[in-house]
Structure formats: C-alpha cells, structure tokens
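Q: Let me give you the structure first, and then I'll get to my questions.
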Amino acid sequence: MNKPTPPRRTQVERTRLSREKIIRAATEFFAQQGFRGSKMSDIAKAADLTEPGLLHHFPSKTHLLMGVLEARDRIDSERLRAILQKDGSHFLDASIELVEHNETVPGLVQLFTMLVAESVSTDHPAHEFFMQRYQRERDHMAAVLRQAQQAGEVRSDIPAETLVVLIFALMDGLQIQWLLEPEKISMSKMFRVMIDMLKVEGRWRGPAHP
C-alpha cells in the first residue's frame, strides 16, 4: 500500500521555517564571532540558503541582528511569564529560575554577553536596543521591589533604583565569570545569595529555598 503523500507546506509555513533556521544559524555565529565578525554568506550557508535567499528574509545584517535579539527577548519573556503563573511565585524567585535556565543554554548567554559588550560603542546597531532594554527592565524591577519594600518583604534601607542597578551588575558579571569558568562558578547559586540578602526574614511570601 502506498503511503499517503504528506500535505505540502504553505508559503507562510515555509517562510516561517526559513526564518527560524536563519535565526538559529545567526545566533550561533553572533555568539561565537560577534556581530562585526560574522559574515552573511556564512550564516546563509549554515541555514542551507544562498546569500540572496537570506537577504530576502532579512535585507541586511542589522535587520538580522534585530531579529535575533527580538527572538531572544520573546523567549525570555514567555519563560518568565510561565514561571510567574505558578502558585506563589514571586518576581525575584522567578528571576532565580530564569538564571537557572540560562545555565542550560550557554550559547544564548554567550550571545547576549558578546552583543552587549559590542553595543557599548554608540555606532553599534544594537546600541539603542540594549540601552532601552536595560532602562525598561530596570524600571519594571524597581517597581516590583518598591512594592515588596512597602510590604516589608524586601529590605528598605537601600533605594529600589539602587538595588536594581546592583542586581543587573551582578547578573552580567556572573554571566562573564560563568562563561569563563563554568566548572567553578554557579550563576544560580550566586544570584540566589544576592536575592536572599534582600529578603526580610519571616516576611517573604515567595517559596523557601534550601
């Protein structure tokens, strides 16, 4: 008996799959070689496309970089929302779980670290993206911390805005040290120490950690 012929993919499905392959390939190249060191021809080859084929989906390397960054942000946001939907999950505990997850995806951590370092230069195409991202995330976390301070759950002797800058500085620094010495540095354990230092004993409503 002849096997039924699988239905042909629609143009929309083919486009989506091609873009996903390109994003995966670009993620690997940007993580290893940075934005400036990556070549569109190499990314196209890794995605089983010609360079004109790649340019059909992403007209320039800058467009491709933005596609990679938006995909990374979307994945992180979806994961954080899923964690927060758990009963009793607090934003800061959810942040710890996100760091734990990052330890399972070193390629993405390297991508973020590499591109953030490059984007310090004002002429880098991702400069505005990362500056706005940090501002947006600081504002969001500061609002969460202020609520926790008002509820007596988080120490209030340090302004929330200052704590947020310190938290992000710790996260970024831990990522660099972990990438250099993953066998010696545990991002999640070190980050949890920082979060525990912020909690007011006996008032924290999030789940306890060993």
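Q: Is there any pair linking a residue in region 143-170 that is within 18 Å of Leu98 (Cα to Cα) to one that is outside any helix (DSSP H, G or I) and aromatic (Phe, Trp, Tyr), with Cβ under 6 Å and at least six apart or on different chains, and which?
A: Cβ pairs passing all conditions: none.
Okay, residues lined up against (1) within 26 Å of Leu111 (Cβ to Cβ); (2) in a loop (DSSP other than H, G, I, E, B); (3) not basic (Lys, Arg):
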site	(1), (2), (3)
Gly152	no, yes, yes
Ile158	no, yes, yes
Leu163	no, no, yes
Gln175	yes, no, yes
Leu179	yes, no, yes
Pro182	yes, yes, yes
Asp196	no, no, yes
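Q: Against the condition surrounded by 15 or more Cβ atoms within 10 Å (Cβ to Cβ), of a type in the set (A, V, I, L, M, F, W, C) and at pLDDT below 95, how does Ala208 come out, does it pass?
A: Considered against the rule, which asks whether it is surrounded by 15 or more Cβ atoms within 10 Å (Cβ to Cβ), of a type in the set (A, V, I, L, M, F, W, C) and at pLDDT below 95, Ala208 comes out as no.
Q: Additional query: Hey, among Ala25, Ala31, which residue is of a type in the set (Gly, Ala, Ser), surrounded by 12 or more Cβ atoms within 10 Å (Cβ to Cβ) and without any contact (Cβ under 8 Å) to a residue 40 or more places away in the chain?
A: It is Ala25.
Q: Can you tell which of Ser41, Ser121, Ser95, Ser77 is touching a helix residue (DSSP H, G or I) at 6+ places or on another chain (Cβ under 9 Å), exposed (fewer than 13 other Cβ atoms within 10 Å of the Cβ), in a helix (DSSP H, G or I) and of a type in the set (Gly, Ala, Ser)?
A: The unique qualifying residue is Ser41.
Q: For Pro52, work out the one condition from (1) touching a helix residue (DSSP H, G or I) at 6+ places or on another chain (Cβ under 9 Å); (2) at pLDDT below 90; (3) assigned to a helix (DSSP H, G or I); (4) farther than 15 Å from Ala25 by Cα it doesn't fulfil.
A: Just one mismatch for Pro52, condition (2).
Q: Answer yes if at least one residue in region 127-144 is not in a helix (DSSP H, G or I) and not polar (S, T, N, Q), and no otherwise. Show your work before the answer.
A: Initial filter on region 127-144 (not in a helix (DSSP H, G or I)): none.
No; the residues of region 127-144 include none that is not in a helix (DSSP H, G or I) and not polar (S, T, N, Q).
Q: Let me ask another. Give Arg133, Arg155 a once-over and let me know the one that is surrounded by fewer than 17 Cβ atoms within 10 Å (Cβ to Cβ), under 13 Å from the mean Cα position of the chain (by Cα) and not aromatic (Phe, Trp, Tyr).
A: Testing whether each residue is surrounded by fewer than 17 Cβ atoms within 10 Å (Cβ to Cβ), under 13 Å from the mean Cα position of the chain (by Cα) and not aromatic (Phe, Trp, Tyr) leaves just Arg133.
Q: So which residues in region 47-75 are of a type in the set (Gly, Ala, Ser) and over 23 Å from the mean Cα position of the chain (by Cα)?
A: Selection gives Gly53 alone.
Q: Run Pro125 past the list (1) within 16 Å of the chain's Cα centre (by Cα); (2) closer than 14 Å to Val68 by Cβ; (3) touching a residue at least 24 places away in the same chain (Cβ under 8 Å) and report the number of the one that doesn't hold.
A: For Pro125, the failing item is (1).
Residue-wise test of (1) surrounded by fewer than 17 Cβ atoms within 10 Å (Cβ to Cβ); (2) without any contact (Cβ under 8 Å) to a residue 60 or more places away in the chain.
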position	(1), (2)
Gly37	yes, yes
Ala47	no, yes
His56	yes, yes
Ser60	yes, yes
Met66	yes, no
Leu69	no, no
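The values are calculated or read from the model by the stated rules, or taken from the named source; none is laboratory data. Predicted model only: the values in this text are computed from it and were never measured. Note that we place each Cβ from the backbone using ideal geometry, even for glycine, and neighbour counts take in every protein chain shown.
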